[in-house]
Structure formats: structure tokens, C-alpha cells
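Data block below; observations after.
The values are calculated or read from the model by the stated rules, or taken from the named source; none is laboratory data. Quick caveat, the model's predicted, so the values are computed rather than measured. Cβ: placed from backbone, ideal geometry, glycine included. Neighbour counts: every protein chain shown.
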Amino acid sequence: MSLPPEPPHPLDRGETKAATAEQLQNSKNQMSAFERSTLHWAITAVIMSALAAIFICLQWYEMKKGSADTHMLAEAAKKEADKAESISASFQNATKELDRANTQAANSFHETIQQSKAALNASIQASRLDERPWIGVVRVDTQGGVQSHDVFSYQAVTISIRNSGKTPAIKMGSRIFQLRRPWYEEVGDYDSEFRTWQQRRKAFEEQLKREHPEMPPPPPGWEAEREAVESSMWKKLFPEGGVMAPGVINSGDLGGATVGRRTKDGRPLAIYILGKITYHDTLGGTQHTTEFCIKHLQGNSFTFCLTGNWMN
């Protein structure tokens, strides 16, 4: 019968530590100088490797931290750049809006000035139209009119004119002329018909000179004298040296004549007397014009034409 094993005896920690130190000392004593040197360098290498690893870890940490800081700086710089760009865009938009507002304000101011000027001019014009003189032919009377088959004779034609305005008419003047036309033809206004009449008269005078070269030329000043004679018929219509007060009616005779009323082949002719009165107002010296047209077609007197009577 075998005996049971003895229980293990617990080791004394102090004894164990002393034995290990003694063994290490014995191992050092047994090592050669080369081995001890190699051991020292190995320990040193381990320590240096550990220090290098720690340095690398610290450097990596700093690099990572610096990279994060650089990223943060880059983000901050990008935000600042975006903010600056946004501010610049806002400033440009504000500048454009200011320019647009200034342009609109300038245009509006210019339009306001133009409208005010137009309103002022219209008001002045309306005031002048209300205050200016208005000369018009109000009556035509034929004295001693006698019509036959071939001619119409009259002793005088009395023209009555009136200033229906509120201010005097000054610097008055007039021109008249007589013409004949086929009854179915229309006549133009005084200016156009007067130009046509002058051209025809000049052509007739030139034809007369060609057909009768022996005729002496008219004396100097003959044209001016003829115009003076034509204008002299109107002088009695404008008393006080060509001034006509408002509300006044003046009458004058144009003189008499005997005028043929048939063409060479026997067709009837209408006899026209066209006139033009010019005068100035006292508001600004503006010249005004009144034109009139009277005709004889049948009967013993002149009557107003359907057209050609107006005041500007």
C-alpha cells in the first residue's frame, strides 16, 4: 500500500527573490566580457527603439493634430472666402440696384420735367388762344351787281371784318386777287392759288414779250407799284394804322369790275375773289393769318365759298 503524496509546501517570497538575484549574479559572473557588452548594447537598443517608437508616436500625433488644424483652417478660410464672395455679390447687386434706382429716378425726374413743361406750355398756349385777337370775315355785300349771259358787273364788294378776340390786332396787312375757273373745278387756298396765279401771269407776260418784241419793257418799280395798287384797296379796312381793337367791326370796298363769265366755247365760269389777312398779337408778337374766299356763279352778288375760309 502506497503512501499518499505530501502536500506542497508554500514558497517563501523572500527566499525566492533572493534565489533569483543570486542566480542572476552567478549568471553575470559566468558571462564573458563580450557577452556582457552584447547584453548591454541589446538593452540599450531596446530602450532606444522604445524611445524612437514613442517619438514616432508623438510625431504622428502632432502630424494628425496639425492635419486636423490645417483642415479646420482650410474650412475656416473657405468659409471666409465664401462669406467674402457673398458680401461682394451682395455689394454688386446693391450697386446695380442703386444704379437702376438712380436711372429710374433720373428718367422719372426727366419725364416729370417734360410733363410739367408740356403742361406749362399748354397752359400758356391756352391762355394765348383765349386772350389773342381773332380777325375774321363776317359779311360780304355786293353793290350794283348785274349778271348777263356773258358777263357779271358789280360796282363794289364790301368786306366786313371783326376782331372777336380779347386783345388788339396790330401790324395788319392783306393781299387779294381775282380769278376765274370752270364752275365744276375746285379752287385751293389763297397761298397755292396765288402761286399758281403768279406763275400764269409771268408765263403770259413772257409770251407777250415773245409775240410782241416791239413792246417796251415796263418802267422800273412797276411791279412794286402794281402790288401797292392791289394792297391800297384794303387800307380803308384797317384804321388807326393797321391796328384793330377787340369787338370792332370794320368794312371796306374792294372796288367794281366787269368780268366775263363764259369760256371761248361758251362754257360757264365761276368768278372767285381770294384774300389773305395777316396780323400780329400783343402777347408775343406772333403773326396770325385769316384767309377768305368769295365767288359768283349765278345771281347778282358774291357769296362765301364752301372752302377756303379759316382763321389759324
Is at least one residue of segment 271-288 closer than 16 Å to Tyr184 by Cα, out of contact with any Pro (no Cβ under 9 Å at 6 or more places or on another chain), assigned by TED's automatic domain parsing to the domain that holds Gly145 and in a loop (DSSP other than H, G, I, E, B)?
no
Out of (1) surrounded by fewer than 17 Cβ atoms within 10 Å (Cβ to Cβ); (2) in contact with a helix residue (DSSP H, G or I) (Cβ under 9 Å, 6 or more places away or on another chain); (3) not hydrophobic (A, V, I, L, M, F, W, C), the odd one out for Ser164 is which?
(2)
Please specify each residue of segment 272-288 satisfying the condition of being crowded, with 20+ Cβ neighbours inside 10 Å and either hydrophobic (A, V, I, L, M, F, W, C) or free of Cβ contacts under 8 Å to residues at least 12 places away in the same chain (or both).
Ile273, Leu274, Ile277
Matching residues in segment 112-133 - criterion: being touching a residue at least 12 places away in the same chain (Cβ under 8 Å) and either surrounded by fewer than 11 Cβ atoms within 10 Å (Cβ to Cβ) or in a loop (DSSP other than H, G, I, E, B) (or both):
Asp130, Arg132, Pro133
With Phe109, Phe55 as the choices, which residue is of a type in the set (Phe, Trp, Tyr), at pLDDT 80 or above and surrounded by 10 or more Cβ atoms within 10 Å (Cβ to Cβ)?
Phe109
Would you point out the residue of segment 162-207, among those that are of a type in the set (A, V, I, L, M, F, W, C), outside any strand (DSSP E or B) and modelled with pLDDT under 85, that is farthest from the chain's Cα centre (by Cα)?
Trp197
Which residues, taken from segment 289-312, are assigned to a loop (DSSP other than H, G, I, E, B) and buried (at least 20 other Cβ atoms within 10 Å of the Cβ)?
Phe302, Gly308
Over segment 134-161, the set of residues surrounded by fewer than 18 Cβ atoms within 10 Å (Cβ to Cβ), part of a loop (DSSP other than H, G, I, E, B) and touching a strand residue (DSSP E or B) at 6+ places or on another chain (Cβ under 9 Å) is Gly144, His149, Asp150, Gln155
Leu269 - would you say it is crowded, with 18+ Cβ neighbours inside 10 Å, more than 46 Å from the chain's Cα centre (by Cα) and under 14 Å from Thr142 (Cα atoms)?
no
